[in-house]
Amino acid sequence: MKMNIGVLAGDGIGPEIVAQARKVMDAVAVKFNHEINYTEALVGAIAIDKVGNPYPDETHEVCMNSDAVLFGAIGDPKYDNDPSAKVRPEQGLLGMRKKLGLYANIRPVTTFPSLLHKSPLRKDIVEGADFVVVRELTGGIYFGEKGRSEDLTKAFDNCTYSVEEVERILALAYDYAAKRNKRLTVVDKANVLCTSRLWREVAQRMEKEHTDIATDYMFVDNAAMQLIQWPKKFDVMVTENMFGDILSDEASVITGSLGLLPSASVGVHTSVFEPIHGSYPQAAGKDIANPIATVLSAAMLLESLDLLDEAKAIREVVDKSLEAGVVTEDIAGDGKAYKTSEVGDWLAANV
Ligand code: IPM
Ligand code: MG
């Protein structure tokens, strides 16, 4: 098949890790007889520097015209400590989510036996943990009305959800649960928030239409606690935008595999695939960052195009590289630390 892939490498280590994922995708394309046409576009701080807009219209066009988008990372320290900056790289990401209608962010959390010692939790607690966080991505407090009072002494961010928004993300979460272990945890703060009560109302109705799935409900504070106490009890967890932002970061570190976890943002138009770690500016340009999360994001990308054997080939070669100790310094331990580009070369050669 012929694929058009948009490539938004972004900031920090983005370009280096995306380059490795491309090598691996190219190797898969040769092996399975596909043709991949990549189109690169600007996003994030580098887009602000070059054209003054973190998500330029040309980039949006590229995304709209692609079958899928491979995304690196955005963010630059020069903006992080400057609350007065008028244009921020993060606006590019939020603009992209809104314009592409990426209403669901999917983060599978899995354990890799060779990395369990990296977990901040005891091995017996995390070993075998395997769940998915489904985060609503285009609503809630991120996109509600926000502002400052005239005298600047007050600020507000509104949280709004419509029934339609809740229904479509729950429907997607139920689909995932049906393909997995048939358990769905709906996370909210229905004891305090009106939007959460709407979520729960909709979920309780949809629960009746999904009798094959065991649905349970959890307040977000309790969920934050249970995630580290009993991560193995979760299968699919679904929640609103801000809770999902926080819980998905928590979820991503408990298995010790932060540098290995991919994600997908899906919705109305083209889907976007990216590693869950950020732009890691301290490592930019040093050829030391771990490319595996991006390589596994490419596997998710291929799955989304129904190229299941191709995705499997990527997952298998990644497993092989971990077993063989062909890994970057973040997980090398006492073993040899390979460069980012060396890991990419090894994976491509062994696909
Ligand atoms: C994420 C990030 C973003 C978010 C930031 C960079 C705006 O933390 O993708 O989880 O809060 O959604
Ligand atoms: Mg986040």
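The values are calculated or read from the model by the stated rules, or taken from the named source; none is laboratory data. Since we're looking at a predicted model, the values are computed, not measured. Neighbour counts run over all protein chains shown; Cβ positions are idealised from the backbone, glycine included. When the accessible area is computed, the model is the full protein with side chains, heavy atoms only, and any ligands, DNA or RNA have been set aside. Shrake-Rupley method; radii C 1.70, N 1.55, O 1.52, S 1.80 Å.
Hey, what number do you get for the chain at 222 nm if only DSSP H runs of n ≥ 4 count, each worth -39500 (n - 2.57), divided across all residues, to the nearest 500?
Values: 14 runs with 156 residues, N = 351.
It comes out at -13500 deg cm²/dmol, rounded to the nearest 500.
Where a ≥ b ≥ c are the square roots of the eigenvalues of the C-alpha gyration tensor, would you call segment 1-59 rounded, which needs a/c under 1.5, or, failing that, prolate if a/b is larger than b/c, or oblate? Provide the component values of the computation, followed by the final result.
Details: a/c = 5.56, a/b = 1.99, b/c = 2.80.
Oblate, because a/c is 1.5 or more while a/b does not exceed b/c.
For segment 120-255, which semi-axes, largest first and in whole Å, follow from the square roots of 5 times the eigenvalues of its Cα gyration tensor?
Working: eigenvalues 152, 80, 25 Å².
Taking √(5λ) for each eigenvalue gives 28, 20, 11 Å, largest first.
What ranking, highest mean first, results for peptides 78-88, 291-301 when packing means the other Cβ atoms within 10 Å averaged over each residue?
Working: 78-88: 11.5, 291-301: 26.7.
Final packing ranking: 291-301, 78-88.
With the contact rule set at Cα under 8 Å and sequence spacing of 6 or more, what percent relative contact order holds for the chain?
Working: 759 pairs, mean separation 82.6, N = 351.
RCO, the chain: 24 percent.
Pop out the carbon and sulfur fraction of the accessible area of the chain as a percent, whole number, probe 1.4 Å.
On the way: 8070 of 15690 Å².
Accessible surface attributable to carbon and sulfur in the chain totals 51 percent.
Taking the highest mean first, how do the peptides 209-222, 176-189 order by number of other beta carbon atoms within 10 angstrom per residue?
176-189, 209-222
Nothing charged except the Cβ atoms of Lys and Arg (+1) and of Asp and Glu (-1): what's the magnitude of the dipole of the chain about its Cα centre? Round to the nearest 20 debye. Before the final figure, lay out the partial values.
On the way: 37 positive and 52 negative charges, 90 e Å.
Dipole magnitude for the chain comes out near 440 debye.
Which of the peptides 140-149, 311-320, 43-52 is most tightly packed, and how do the rest follow, going by the mean number of other Cβ atoms within 10 Å of each residue? Could you put the intermediate results ahead of the total?
Values: 140-149: 13.9, 311-320: 17.7, 43-52: 20.4.
Per-residue mean Cβ counts within 10 Å order the peptides as 43-52, 311-320, 140-149.
Determine the distance separating the Cα centre of segment 100-121 from the Cα centre of segment 209-223; give it in Å without decimals.
For segment 100-121 versus segment 209-223, the Cα centre distance is 20 Å.
Going down the table (23/312; 182/233; 208/312), which pairs top 23 Å between alpha carbons? The partial results should precede the final answer.
Working: 23/312 16 Å; 182/233 12 Å; 208/312 35 Å.
Violating the 23 Å limit, Cα to Cα: 208/312.
Placing unit charges on C-beta atoms (Lys and Arg positive, Asp and Glu negative, everything else neutral), compute the dipole magnitude of segment 182-329 about its Cα centre in debye, rounded to 20. Please list the in-between numbers first.
Details: 13 positive and 22 negative charges, 78 e Å.
Dipole of segment 182-329, to the nearest 20 debye: 380 debye.
Counting only Cα atoms, I'd like the Rg/Rh figure for the chain, Kirkwood definition for Rh.
Result for the chain is an Rg/Rh of 0.96.
If you place +1 on the Cβ of every Lys and Arg and -1 on the Cβ of every Asp and Glu, how big does the dipole about the Cα centre of segment 120-255 come out, in debye to the nearest 20?
Working: 18 positive and 24 negative charges, 77 e Å.
My answer is approximately 380 debye.
Applying the Karplus parametrisation 6.51 cos²θ - 1.76 cosθ + 1.60 with θ = phi - 60° to the phi angles of segment 28-39, what ³J(HN,Hα) value in whole Hz is obtained for each residue in order, glycine and proline being reported as x?
5, 4, 5, 4, 9, 6, 10, 10, 10, 10, 8, 10
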